[in-house]
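The values are calculated or read from the model by the stated rules, or taken from the named source; none is laboratory data. Note that the coordinates shown come from a computational prediction; the quantities given were computed from them, not determined experimentally. Every residue, glycine as well, gets a Cβ built from its backbone with ideal geometry; the counts of neighbours run over all protein chains shown.
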Amino acid sequence: MKRRTYYLICAGVILAIALFLAGEGGIFSADTPSEIFRILSDSFFVPGILFMGCGALGWMATKGTYDMLSFGCGRITRNFIPGMDKEKFDNFYQYKQRRDEDGRKWKPHLLISGAMAFLLALIFTALYFVTK
């Protein structure tokens, strides 16, 4: 997939979440512009924080933050699932070396899309205070 496709998918999901939240917030029955800007600010803030948080977690995963947790969960689940290699890696050091050799790639589309939604929320908040 092209890089642009990732951003378009994220933008579509953000807009769908924002539209749902705006509808639930009563944007179609809002009377004043300040009330509309307040609802829009609230509706873009939630997906912005959600996507920025997921993007930050993805970035931390590429730095090896969750390697120990992944290694431990993998060892535990291999003991309960029949037919799996029980000792895929002898120790954590070998597991970490293999993960580092394979390369860790991070796609920043979640973080950037979330930051754009958060920026929209800030703009709508500023417009709310200007029109209030």
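Across region 1-45, which residue is farthest from residue 109 (Cα to Cα) among those that are aromatic (Phe, Trp, Tyr) and surrounded by 13 or more Cβ atoms within 10 Å (Cβ to Cβ)?
Within region 1-45, the match that is farthest from residue 109 (Cα to Cα) is 37.
Hey, among the residues in region 46-77 that are aliphatic (A, V, I, L, M) and loosely packed, with under 13 Cβ neighbours inside 10 Å, which one's modelled with the lowest pLDDT? Outline the logic, then answer.
Start the filter on region 46-77 by keeping residues that are aliphatic (A, V, I, L, M), which leaves 46, 49-50, 52, 56-57, 60-61, 68-69, 76.
From what is left, the residues that are loosely packed, with under 13 Cβ neighbours inside 10 Å are 60, 68-69, 76.
Working: 60: 92, 68: 86, 69: 86, 76: 81.
Once the filter is applied, the top-ranked residue is 76.
Go through (1) free of Cβ contacts under 8 Å to residues at least 12 places away in the same chain; (2) within 26 Å of residue 76 (Cα to Cα) for residue 130 and report which single condition fails.
(2)
What residue, of 90, 100, 31, is under 26 Å from the mean Cα position of the chain (by Cα), more than 24 Å from residue 5 (Cα to Cα) and among the acidic types (Asp, Glu)?
Going through 90, 100, 31 in turn, the sole match is 100.
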